[in-house]
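Asks: Questions regarding the structure given below will be posed in turn.
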Amino acid sequence: MNSELEHFFNTSLNEQQRKAALQKNGALLVLAGAGSGKTRVIIARIVSLLSQSVPSWSIIALTFTNKAAQEMKARIQHFFPAGTVLPFVGTFHSYCLRILRERYYHLELPAFSIMDESDKEKIIRRILDRNNVSKQITTRHVIARLSSISLGISDNNQSSFSMPTLTVLNEICHEFGKEKESSNCLDFDDLLHKACQHFNTDNTFKNLHQNRIKHILVDEYQDTNMVQHTLLKHMVFNHDRFAIDSLCAVGDEDQSIYSWRGATVTNILEFQKDFANTTVIKVEQNYRSSQPIVNLANKIISNNTERNSKVVWSEKKGHDRIRLLACKTEREEADALAECITAFLKIKKTGSIAVLYRTHSQSRIVEEALIKRTIPYKIVGGTQFYDRKEIKDILAYLRLIANPRDRVSLMRILNVPARGLGEKLQEAWLDAWEKSPDTPFYNVATLLFNSDTCNIPTLKRQSILDFLALFKDLSGTISPTHAIEAIISRTKYGEYLKSEYDKSEAEERFANVKELLSAAYHVQGKVDTIEEFLQEVALLQEQIKPAAHNATHQVLLMSLHAAKGLEFDMVLLSGLEDGVIPSHRSIFDPNALEEERRLLYVGITRARDYLLITHALERRTFGRITDQLPSRFLHEMRPDVMSEKLPPYYNSSTLRPYFNAWLDR
């Protein structure tokens, strides 16, 4: 080991990291707490193996994203001369693709193609049309069902379908499989399954692989699904004998938050049982957060039963780094967040800031509070509220009510929800409109019906009449709340979302629609007509543009899921209420409740120096004001962990001095 490497191992690694990096043989499980430098462990271990003259071709490191793989390779390369051949570092899917390419070449099998998502959707759409079920089942339903079958998990959409429909859905999935086979194509799920199949059925192949690949490392093991876990056992064991030199899995079950993708926390919890004689090393020093924040995270996650016991700690001591704020309404909560951010930027001058929430529907009111104070922001992993498809759909209906000559809005919603009014009918409508440009859209329909050149079939004619009926008694002078409620009800927009998206996405999109209605209720009395409401929205959107670009300080807004792997100087955790986090669906499911607690743990541990936790005592949902219970997780935050000052409620006149006093020390 050269002097640079010795210096790295002696000064850049703590004792536990060094122990994990230097153990050469056997099964090793590294339980790395939040902010403890788990990626550094994997890099150090690979560097250690290479420095001991282990051939690079005998080492593989499996990750979950290409970005993570590229970062690892760059950091490994730093320790060696340019041109040094490095081990394979890549995703599970990319490694399985490599295996299959080599295997198919060796067996002289026909070359296969990888089917991307757009190709997959086209084939499924063709099968649905061929079976005349495209109105009953969507491509998204089929893709979700295929994924559930592939990963061996229960399908989230099953409860939405009758048994006859489920039977048809399964038949569609079977037809899709036959299409892939006849085309000699594989999708991404197939890459894992086919690789497992080769290991399971071909002992010669398994022996060759195990004789060549002697050291396997896996990052983020808590995010593996059952197929990946099975694949790893195939790669490691031969007739129940540990057949390679070393296996190292690095992960943290306390950050397992992707069960909806098929990840199972059981894989890391039962690792020692599945891989006998495993050495367990706990890497518990947190290099990110101050000790008060680490203490709070430890207190929260200790309430979970499905975990390996560990106590994360930090050398960054800090004092009074956490505040809890109860606000009367969600609007006052948003104002509090904005005031805190204003104080932080004024006092600290620089620093990264993130507002975290459980669902994207919570962003709308926070966006408005930031815009009001000209605080630049960016939404990560999502779209600004008024740019979301479902919001633009409802606004298009409103615009058409207020302006019956709005062609853009008509073309957007004429077939939303689907009415069988395709491109040809839309073109005919626009052609008729060109001849009478000042005619309202409902009169253009009459022109179409009376046209000698446009022969509209009876079913489409009825669909047009049904569409026009949606606008009965609606005009630009009525209240926006009445109009939005009428549109949602008459179009059955909630049912439309369920038919187009999987259950969780449909729920989130409908939550956005309900949030738009809440926005309309909030301005009721000040904004009394659709026209005025649309003007308010337009002005707000215009203000968003300069607030979102070319800013020195940009606040990031994101869901708790999107925040994993990131860190910020200040984190503002909003909406700590039962029904928000934990979500309604998880409250009566012990496993789901534990995952919600892990999600909160992830949010807390994103904070380096300051953490503000907020909740509202009431929220407006679908036009109704509802009392909110503080999250049950707040009761788990013991007073000795929190700040000594726990304000029960602060009004707007006291918020600014309150935050200034907290941060200016």
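Asks: Looking at the structure I just gave you, is residue 279 under 23 Å from residue 42 (Cβ atoms), surrounded by fewer than 23 Cβ atoms within 10 Å (Cβ to Cβ) and not acidic (Asp, Glu)?
Replies: Yes; evaluated as a whole, the condition is true for this residue.
Asks: May I pose another question? Which residue out of 69, 27, 34, 44 is among the aliphatic types (A, V, I, L, M), in contact with a Gly (Cβ under 8 Å, 6 or more places away or on another chain) and either in a helix (DSSP H, G or I) or open to solvent by less than 10 Å² (accessible area, probe 1.4 Å) (or both)?
Replies: 69
Asks: Does residue 330 satisfy the criteria of being in contact with a strand residue (DSSP E or B) (Cβ under 9 Å, 6 or more places away or on another chain), open to solvent by less than 10 Å² (accessible area, probe 1.4 Å) and of a type in the set (Asp, Glu)?
Replies: Against the criterion (in contact with a strand residue (DSSP E or B) (Cβ under 9 Å, 6 or more places away or on another chain), open to solvent by less than 10 Å² (accessible area, probe 1.4 Å) and of a type in the set (Asp, Glu)), residue 330 does not qualify.
Asks: Follow-up. Of all residues in the stretch 578-615, count the ones that are among the acidic types (Asp, Glu) and either without any contact (Cβ under 8 Å) to a residue 60 or more places away in the chain or under 24 Å from residue 340 (Cβ atoms) (or both).
Replies: Final tally of qualifying residues: 4.
Asks: For the stretch 47-66, name all the residues that are open to solvent by less than 40 Å² (accessible area, probe 1.4 Å), within 16 Å of residue 220 (Cβ to Cβ) and of a type outside the set (Ser, Thr, Tyr).
Replies: Within the stretch 47-66, 60, 61, 62 qualify.
Asks: Counting only residues that are modelled with pLDDT of 80 or more and under 20 Å from residue 469 (Cβ atoms), which one in the stretch 434-449 is most open to solvent (accessible area, probe 1.4 Å)?
Replies: The residue in question is 442.
Asks: Now, a different point. Return yes or no: is residue 77 of a type in the set (S, T, N, Q) and either over 25 Å from the mean Cα position of the chain (by Cα) or closer than 23 Å to residue 278 by Cβ (or both)?
Replies: Criteria met by residue 77.
Asks: Still on this structure, I have one more. In the stretch 567-581, is there at least one residue being at pLDDT below 90 and among the charged types (D, E, K, R)?
Replies: No, every residue in the stretch 567-581 fails to be at pLDDT below 90 and among the charged types (D, E, K, R).
Asks: Right, another one. I'd like to check something: does the stretch 374-388 contain any residue that is of a type in the set (S, T, N, Q) and crowded, with 21+ Cβ neighbours inside 10 Å?
Replies: Checking the stretch 374-388: not a single residue is of a type in the set (S, T, N, Q) and crowded, with 21+ Cβ neighbours inside 10 Å.
Asks: Surrounded by fewer than 12 Cβ atoms within 10 Å (Cβ to Cβ), of a type outside the set (Phe, Trp, Tyr) and either touching a Leu at 6+ places or on another chain (Cβ under 7 Å) or over 30 Å from residue 173 (Cα atoms) (or both), is that true of residue 83?
Replies: Criteria met by residue 83.
Asks: Restricting attention to helices (runs of 4 or more DSSP H) lying wholly within the stretch 113-226, give those where 2 or more residues are under 25 Å from the mean Cα position of the chain (by Cα) and surrounded by 16 or more Cβ atoms within 10 Å (Cβ to Cβ).
Replies: The qualifying helices (runs of 4 or more DSSP H) are 117-130, 139-151, 188-201.
Asks: If a residue must be at pLDDT 75 or above and either of a type in the set (Gly, Ala, Ser) or open to solvent by less than 70 Å² (accessible area, probe 1.4 Å) (or both), how many such residues does the stretch 628-665 contain?
Replies: Of the residues in the stretch 628-665, 15 are at pLDDT 75 or above and either of a type in the set (Gly, Ala, Ser) or open to solvent by less than 70 Å² (accessible area, probe 1.4 Å) (or both).
The values are calculated or read from the model by the stated rules, or taken from the named source; none is laboratory data. Computed from a predicted model, the values in this text were never measured in an experiment. Heads up, the Cβs are rebuilt from the backbone with ideal geometry, glycines too, and the neighbour counts pull from every protein chain shown. SASA here: full protein model, heavy atoms, side chains in, ligands and nucleic acids out. Shrake-Rupley method; radii C 1.70, N 1.55, O 1.52, S 1.80 Å.
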